[in-house]
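Enquirer: Pasting a structure below so you can have a look.
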Amino acid sequence: MGVFDYAPAPESRDLARLKPSYQIFVDGQFRDGSGEAVKTINPADEEPLAEVAEAGPSDVEDAVRAARRAFEGPWGRMSGAERGKYLFRIARAIQERGRELAVLESLDNGKPIKESRDVDVPLAAAHFFYYAGWADKLGHAGFGPSPQPVGVAGQIIPWNFPLLMAAWKIAPALACGNTVVLKPAETTPLTALVLAEIIAEADLPPGVVNVLAGGPSVGQAIVDHDGIDKIAFTGSTEVGKLIQRAVAGSGKSLTLELGGKAANIVFDDAPLDQAIEGIVSGIFFNQGQVCCAGSRLLVQESIEDEVIAALKRRLATLRVGHPLDKNTDVGAINSAAQLARIRELSDAGEAEGGTRWSPACDLPERGFWFVPTVFTGVAQTSRIAQEEVFGPVLAVLTFRTPDEAIAKANNTPYGLSAGVWTEKGSRILSMASRLRAGVVWANTFNRFDPTAPFGGYKESGFGREGGRAGLAAYLDV
C-alpha cells in the first residue's frame, strides 16, 4: 500500500498578529524591561520573530510588590464567586483568540499547528474554565471549611508547552486567591505575553498577574525574593534541585514538576494497532519534547519483531516539516542547544551498542530538525535508557514476565509517568499499583484533562498539579 501524498496546507502566519516588540507586564501595565532586549527566533527557519524586553532585578522587585499589594488589597478581599468570573472571562478570551494563539505558539516553539490548535490552546482554556468552577467551592474541596491562599506565587515555566503551562500554573493560583509573578522560558515568551494581554483585557486588578520575560537570572531573582510565598517550577531536574536547595529553610512552599523517562509497557495480548498509535503519540508528540514522553518502550519478548515491524511502517508515514503546515506530524526542535543534546545522546546510543533506525526523510535546509529515531537492542544501562533525551528518540527494551517489566520500568531515577497495554483489567490494576510513577495510562498515552492530577516521584519532583489535588499547592493547608 502506498503512502498518501499531501499537498501543502499551511496555516496563515498573519493570524499570529506578530508585533515587532513585546514588553513585560507589571502591575497591570506593559512596559519595557530593564534587562537586555533579545530576539526570539522561529526554530523552523532560524529567522527572528520579535524583540522581547527582558526583565531586570528592579522589575522583579516591582512585580513582587505589585503582587503583594493586590493580594492584600482587592484580590485578597474578593469573594470566590467574583474571582471565578475573571477566570471564566480569561477562558473565553483564550477560545476567541484560539487561532492567533495556536499560530503564535507554533512559530515560537516549533510544534505542529495541529498540536497547538487541537491540544495546547483548548487545554489552556479548559484549565481556566475548570478552576473558575472551583473558586467559590474551596470550602468543599476537603481542605477545611475556610482554606486560605498562600500569598504571592512565583511561577517558572518551560519552553515545551508555553501557553498550556502558563494556564496550568496561573488558573489554580488565582482560583485560590493568590497573586502571581510568572516567568516564561527565554526561548518561548510570546504566548505568555499575549496571555498577559488577555488578562489585562479581562480587567483583573493591577498586580494580580505579572509576566516577566527573561533568562535564568530572572528566575533566580524570583526564587530568592523574600516577598514570594510559594514557588512552582516546571523544568529540568538539575534546575529543580537548585531551586529546592535555594528555598530550603526559607519558609516558601514548593512544588516541582521535573523530568521523566517513562516506560510504555506492551504485553502480548495488547491491541497492537491501538498500541502502535499510543507508542507514536507517546514519544513523537511535540517532537518528544515532553517530560512524560514514553521514551522507553518495553515490549514482551514474544511480540518484539511484530511490534518493531509495525512501528517502522507507521513511522514511515509520519510527515516531518514546517510547523504551520496542517499535514505536519513532527515539527522543529525548539533550539540549537536542545538539538545538540538530542544528537549527543543518540550518538551515545549507537556507541553503546544500540541499533539505530529512522525512516527516510527530507529535512528542511534551515532550522533545527531531527528525524524520528528508534533504537533496538538497548541495554538497561545505556544512556538513552537512563537519561532524558527530550527529543524524538525511542529506546526499545524487552521483557518476559510482568515482574521483569516492573523491575525495568522502575529502574530509573525518574518517576513521572508510565503506560500499560493489555486486554486484562486485572493486569492493568496490578501493574499500576507497582509502577513508581505519578501517572499510569492504561491502553492510551499522553492524555490530559484539567480534572486529573499530574506529578511525579523521585527525581521527577513532588506535588500535584491539576484536579482538586492541584488546589492544595496554592492553599495554606
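Enquirer: Cα atoms only: what Rg and Dmax, in Å, come out for segment 317-425?
Expert: Here Rg and the maximum Cα pair distance are 15.8, 48 Å.
Enquirer: Additional query: Of the heavy-atom accessible surface of the chain (probe 1.4 angstrom), what whole percent is carbon and sulfur?
Expert: Values: 9250 of 18270 Å².
Within the chain, the accessible surface is 51 percent carbon and sulfur.
Enquirer: Same structure again: For Glu344, what accessible area in Å² do you get when you roll a 1.4 Å probe over the heavy atoms of the protein chains, rounding to the nearest 10?
Expert: Rounded to the nearest 10, the figure is 90 Å².
Enquirer: D for segment 15-78, whole µm²/s, Stokes-Einstein with Kirkwood Rh over alpha-carbon pairs at 25 °C and 0.890 mPa s: what number? List each step's numbers first, then the result.
Expert: On the way: Rh = 13.5 Å.
It comes out at roughly 181 µm²/s.
Enquirer: Helix 98-109 versus the longest principal axis of the chain: what angle, 0 to 90°, nearest 10, using Cα atoms?
Expert: 70 degrees
Enquirer: Along segment 349-365, what does the Karplus equation 6.51 cos²θ - 1.76 cosθ + 1.60 (θ = phi - 60°) give for ³J(HN,Hα), rounded to whole Hz, x for Gly and Pro?
Expert: Coupling constants for segment 349-365: x, 5, 5, 8, x, x, 9, 9, 9, 9, x, 4, 7, 8, 9, x, 6 Hz.
Enquirer: Hey, another quick one. For the chain, what does the relative contact order come out to in percent, with C-alpha contacts under 8 Å and a separation of six or more? Don't jump to the answer; show the numbers that get you there.
Expert: Working: 1103 pairs, mean separation 84.2, N = 477.
It rounds to 18 percent for the chain.
Enquirer: Could you tell me what a quarter of the Cα convex hull surface of segment 275-320 works out to, in nm² with one decimal place?
Expert: Details: hull surface 13.2 nm².
If you wrap the Cα atoms of segment 275-320 in a convex hull and average its projections, you get 3.3 nm².
Enquirer: Would you mind working out the magnitude of the charge dipole of segment 394-459 relative to its Cα centre, with +1 at each Lys and Arg C-beta and -1 at each Asp and Glu C-beta, to the nearest 20 Debye?
Expert: Values: 8 positive and 5 negative charges, 23 e Å.
Using Cβ point charges on Lys, Arg, Asp and Glu, segment 394-459 gives about 100 debye.
Enquirer: Let me know the Kirkwood hydrodynamic radius for segment 102-180, please, with Cα pairs as the basis and the value in Å to one decimal. It would help to have the intermediate numbers written out before the result.
Expert: Details: mean 1/r = 0.0729 Å⁻¹.
So the Kirkwood estimate lands at 13.7 Å.
Enquirer: With charges set only on the Cβ (+1 for Lys and Arg, -1 for Asp and Glu), what does the dipole of segment 132-208 come to about its Cα centre, in debye to the nearest 20? Each step should come with its number before you reach the end.
Expert: Values: 3 positive and 5 negative charges, 55 e Å.
Using Cβ point charges on Lys, Arg, Asp and Glu, segment 132-208 gives about 260 debye.
Enquirer: Something else: With angles folded into 0 to 90 degrees, how steeply does helix 190-201 sit against the dominant principal axis of the chain? Use alpha carbons for both and round to 10.
Expert: For helix 190-201, the angle is close to 40 degrees.
Enquirer: With the Cα gyration tensor of segment 175-301 in hand, convert its eigenvalues to equivalent ellipsoid semi-axes via √(5λ) and list them largest first in whole Å. Provide the component values of the computation, followed by the final result.
Expert: Numbers: eigenvalues 263, 77, 34 Å².
Over the Cα atoms of segment 175-301, the semi-axes work out to 36, 20, 13 Å.
Enquirer: In addition: Please report the Cα spread of segment 30-144 along all three principal axes, rounded to whole Å, starting with the longest.
Expert: For segment 30-144, the Cα spread along each principal axis is 52, 38, 23 Å.
Enquirer: Given N residues in the chain, what is its alpha carbon radius of gyration divided by 2.2 N^0.38 Å? It would help to have the intermediate numbers written out before the result.
Expert: On the way: Rg = 22.0 Å, N = 477, 2.2 N^0.38 = 22.9 Å.
Normalised Rg, Cα atoms only: 0.96.
Enquirer: Oh, and also: Can you give the direction-averaged projected area of the convex hull of the alpha-carbon atoms in segment 229-268, in nm²? Please report the intermediate quantities before stating the final value.
Expert: Details: hull surface 14.0 nm².
Projected over every direction and averaged, the Cα hull of segment 229-268 covers 3.5 nm².
Enquirer: Between Lys241 and Asp269, 0.36 nm times their residue separation minus their Cα-Cα distance comes to what? Please list the in-between numbers first.
Expert: Values: separation 28, 0.36 × 28 = 10.08 nm, distance 4.03 nm.
Extra length from Lys241 to Asp269 when fully extended: 6.0 nm.
Enquirer: Counting DSSP beta bridges with both partners in the chain, what percentage is antiparallel, nearest 5?
Expert: Values: 19 of 59 bridges.
Antiparallel: roughly 30 percent of the beta bridges in the chain.
Enquirer: Also: List, in order, the whole-Hz ³J(HN,Hα) value for each residue of segment 417-430 obtained from phi through the Karplus relation with A = 6.51, B = -1.76, C = 1.60 and θ = phi - 60°; use x for Gly and Pro.
Expert: Taking θ as phi minus 60°, the curve returns 8, 7, x, 10, 10, 6, 8, 8, x, 5, 5, 4, 5, 5 Hz for segment 417-430.
Enquirer: Please work out how much accessible surface Thr401 shows to a 1.4 Å probe, ignoring ligands, DNA and RNA, in Å² rounded to 10.
Expert: Approximately 70 Å² for this residue.
Enquirer: Sorted by accessible area (1.4 Å probe), largest first, how do Asp273, Asp27 line up? Walk me through the numbers on the way to the answer.
Expert: Working: Asp273 130, Asp27 55 Å².
In descending accessible area the options line up as Asp273, Asp27.
Enquirer: With a 1.4 Å probe and all protein chains kept in place, how do Arg117, Arg83 rank by accessible area, largest first?
Expert: Numbers: Arg117 85, Arg83 20 Å².
Reading off the accessible areas and sorting them downward yields Arg117, Arg83.
Enquirer: Counting other Cβ atoms within 10 Å, keep those with at most 13, restrict to DSSP loop, and tell me which trypsin sites (Lys or Arg not before Pro) in segment 395-467 are left.
Expert: Of the trypsin sites (Lys or Arg not before Pro), the ones in loops of segment 395-467 whose Cβ has at most 13 other Cβ atoms within 10 Å are Arg400, Lys424, Arg447.
Enquirer: In whole Å, what are the extents of segment 81-216 along the principal axes defined by its C-alpha atoms, from largest to smallest?
Expert: Here the spans come out as 45, 31, 26 Å, largest first.
Enquirer: Under 5 Å between amide hydrogens, which residues at least 5 positions from Tyr457 or on another chain qualify, with H placed 1.01 Å from N in the peptide plane?
Expert: It is Gly415, Leu416, Gly438, by chain and number.
Enquirer: Taking only protein heavy atoms and a 1.4 Å probe, what accessible area per residue, in Å², does the chain have with all protein chains in place?
Expert: Numbers: 18270 Å² over 477 residues.
Dividing the accessible area of the chain by its residue count gives 38 Å².
Enquirer: How would His225, His127 rank on accessible area, largest to smallest, probe 1.4 Å? Working shown, then result.
Expert: Working: His225 35, His127 5 Å².
From most accessible down to least: His225, His127.
The values are calculated or read from the model by the stated rules, or taken from the named source; none is laboratory data. In this text, all values refer to a predicted model and were calculated from it rather than measured experimentally. No Cβ is skipped: glycine too gets one built from the backbone with ideal geometry, and neighbour counts run over all protein chains shown. Note: accessible area is taken over every heavy atom of the protein model, side chains too, but ligands, DNA and RNA are not part of it. Shrake-Rupley method; radii C 1.70, N 1.55, O 1.52, S 1.80 Å.
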